[in-house]
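Below is one structure, written out as structure tokens; the observations come after it.
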Amino acid sequence: MHRIEMGLFVFLIGFFLVIYIARQWFFNVEDEATLFGYHTKVVKKGLYKGFVLFLVSEFMLFFGFFWAFFHSALSPSIVFALLWPFDQAFVSINCLGLPAYNTILLIFSGLTVTYAHVSIASSNHSNTLDALYMTITLGILFLVSQVNEYFEIAYNLNDSVYSSVFFMLTGLHGFHVFVGVFLLYASLNRVYNQEFSTKHYVGLVCSIWYWHFVDGVWILLYIIVYVWGNWTINSSELYLLF
């Protein structure tokens, strides 16, 4: 990013090493579960607890940016002339357009991934595969729609505090959707290879939990940034209250 000599080369080496190590780690965990039978009840309980702690840490990451959004909206800095956003000619995106469409996509994906969970618990692999295919498709449609939204909005990352937090939150969430699609695709392959049973499907459960986390964060993001944020920009009533 800073055009340091050999910087890109070092970055690419580090990036692919991280990807390779993560890949090996996931395959090791998969082998422990399927080939060696090491995933006893105690081990599964530990994996679930560890993944819950991971999701909590992810939520706190988003919480920090939500905090920045509320702080800047409710208590604008004197550096920005006590204005929210700094540019009063700022025009936010219509929350009833693409954002509402994206919200519908993720809500339906939450339903389909829940159906996948119910299906695998009842040993219905065919329905599990169909539900996972549908969820992955909805996730990809969401990502395409989000990219399209970036081309339609009339502001950039550095136009205001609102736009900075907007791109940070939506971009970070989009990355999590991408990771969620990848996890669901990996789980789909394992279901297809019949590596899950009605008693052993920790990987699928963690992928489903992660997807529900992505859904929940988006609903918060839509309500706070798109709906409430849009209202604070286009209404002077907020400043009359505070």
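What follows draws every value from the coordinates through simple rules; no lab data is involved. For clarity, every value in this text was computed on a predicted model and none was experimentally measured. Ideal geometry is used to build each Cβ from the backbone, glycine not excepted, and the neighbour counts take in all protein chains shown.
Below are the figures for this structure:
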quantity: Which of 230, 203, 105, positive extreme of dipole for the chain (C-beta unit charges); calculated: 203
quantity: Folded to 0 to 90 degrees: helix 125-152 orientation relative to the chain principal axis, Cα; calculated: 20
quantity: Two-site label geometry, residue 48 and residue 12: point separation in nm, points 7 Å out along Cα→Cβ; calculated: 4.4
quantity: Rounded tilt (10° steps) of 161-192 against the dominant C-alpha axis of the chain; calculated: 10
quantity: Helix 202-221 axis, angle to the chain major axis (alpha carbon atoms, nearest 10°); calculated: 10
quantity: Around residue 180: net Lys/Arg minus Asp/Glu count, Cβ-Cβ under 14 Å; calculated: -2
quantity: Amide H partners (placed H, <5 Å) of residue 201, local residues excluded; calculated: none
quantity: Extension gain, residue 220 back to residue 57 (0.36 nm per residue minus Cα-Cα distance, nm); calculated: 57.0 nm
quantity: Net +/- balance of residues flanking residue 30 in space, Cβ distance below 12 Å, scoring K and R +1, D and E -1; calculated: -1
quantity: Cα-projected label distance for residue 125 with residue 26, points at 7 Å along beta-carbon direction, nm; calculated: 2.1
quantity: Phi to ³J(HN,Hα) by Karplus 6.51 cos²θ - 1.76 cosθ + 1.60 over the stretch 193-199, Hz, x for Gly, Pro; calculated: 7, 6, 8, 10, 10, 5, 10
quantity: Calculated semi-axes √(5λ) of the Cα gyration tensor in Å (choose from (i) 25, 20, 19; (ii) 32, 19, 16; (iii) 38, 22, 17), label; calculated: (iii)
quantity: Which of 62, 46, 15, positive extreme of dipole for the chain (C-beta unit charges); calculated: 46
quantity: Value at 222 nm in deg cm²/dmol, rounded to 500, when DSSP H runs of n ≥ 4 in the chain each add -39,500 (n - 2.57); calculated: -25500 deg cm²/dmol
